[in-house]
1. Does residue 215 satisfy the criteria of being part of a loop (DSSP other than H, G, I, E, B) and either at pLDDT 95 or above or of a type outside the set (Val, Ile, Thr) (or both)?
2. Return the pair list, or none, for Cβ contacts closer than 7 Å from residues in segment 166-190 that are under 13 Å from residue 201 (Cα atoms) and acidic (Asp, Glu) to residues that are open to solvent by 20 Å² or more (accessible area, probe 1.4 Å) and in a loop (DSSP other than H, G, I, E, B), at least 6 apart or on different chains.
3. Hey, among 8, 39, which residue is at pLDDT 95 or above, in a strand (DSSP E or B), among the hydrophobic types (A, V, I, L, M, F, W, C) and open to solvent by less than 10 Å² (accessible area, probe 1.4 Å)?
4. For segment 243-255, give me each residue that is at pLDDT 95 or above and open to solvent by 40 Å² or more (accessible area, probe 1.4 Å).
5. Can residue 88 be described as within 17 Å of the chain's Cα centre (by Cα) and either in contact (Cβ under 8 Å) with a residue 60 or more places away in the chain or open to solvent by less than 50 Å² (accessible area, probe 1.4 Å) (or both)?
6. Do we find that residue 31 is among the charged types (D, E, K, R) and more than 22 Å from residue 203 (Cα to Cα) in this structure?
7. For segment 234-260, give me each residue that is polar (S, T, N, Q) and within 20 Å of residue 110 (Cα to Cα).
8. May I ask you to list the residues in segment 156-188 that are out of contact with any Leu (no Cβ under 8 Å at 6 or more places or on another chain) and outside any loop (DSSP other than H, G, I, E, B)?
Amino acid sequence: MGEHFDKALIFTDLHIVPEGETIIDLDPLDRFREGLAHALARHPDARHLILLGDLTHNGTPAEYARLAPALADCPIPITVTMGNHDLRDNLHAVFPDALDRNGFVQSALDLGPLRLLILDTHDYDGQAPLEHDGYLCATRLAWLDGELARAASDGKSVVVMCHHPPCPVGFWAMDAIGLANADDLLSRLHAAPHVKHLICGHIHRTIHASADGLPVSILKSPCHQIPMILGQGTFADSVDEPGAYGILLALKNTVVVHTEDFALSDGSVLTYER
């Protein structure tokens, strides 16, 4: 018999747009609804749903208002964080419990033997043209320091999640809008041996990496993906490839991250003779 595991579902880069609008002729809300229904039907034992930023495309109240009904009947707890396309006040209006006492969308929660630390890498104050790179200020880093120490004291292994990856991935334009102070994050994670994995979004592709020895998983969007053109100089290009979500398994001594391209199969299981 296999080892027991606890399970969380992860969606990133939803990019919900206003009613009647699309992205490359796709309605991101339709794609997200399809993906969430697929995930909940096939993983009814999941304990948590995590939305890893870019919940909307422009951060407008109308976009968050379209997303809210799609989550209203979700049978498991939901945790959200910020991406570069989100706006803090408008997100807060729909997710009033998301902000911590410092006004950031950061959370710590347990998944079996794991402590999940979900960071807010949003770097936009609403007073300047939208910037797409990420940043962790001193206040958010201090929160991380405290949570890492608390997890160590509690004997918990840690998985960190954030929207912006702290390492290059080979798409030049996306690398230019990654986590601006990546060293501030990675130095802390490398100094904490109980940190086992980092999960990010932002790139719109399934990517496996190692940030100076720390395993990194980057997940696709449920809607549109970046084309596989390594070295390209724009992040505006998109392609209609199957959307996906992540499945995090927490085992006693192992962290497992699966990705499911939910549009590729109806879930039928066929058996063949080995």
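1. no
2. Hits for this filter: 175/168; 175/169.
3. 8
4. Across segment 243-255, there are no qualifying residues.
5. Yes.
6. Numbers: among the charged types (D, E, K, R): yes; more than 22 Å from residue 203 (Cα to Cα): no.
Considered against the rule, which asks whether it is among the charged types (D, E, K, R) and more than 22 Å from residue 203 (Cα to Cα), residue 31 comes out as no.
7. Residues satisfying the conditions are 253, 254.
8. Across segment 156-188, the qualifying residues are 172, 173, 174, 175, 182, 183, 187.
The values are calculated or read from the model by the stated rules, or taken from the named source; none is laboratory data. Just so it is clear, the structure is predicted and the values come from calculations on it, not from any experiment. Using ideal geometry, Cβ is built from the backbone for each residue, glycine included, and neighbour counts are taken over all protein chains shown. Please note that ligands, DNA and RNA were not included when accessible areas were found on the heavy atoms of the full protein model with its side chains. Shrake-Rupley method; radii C 1.70, N 1.55, O 1.52, S 1.80 Å.
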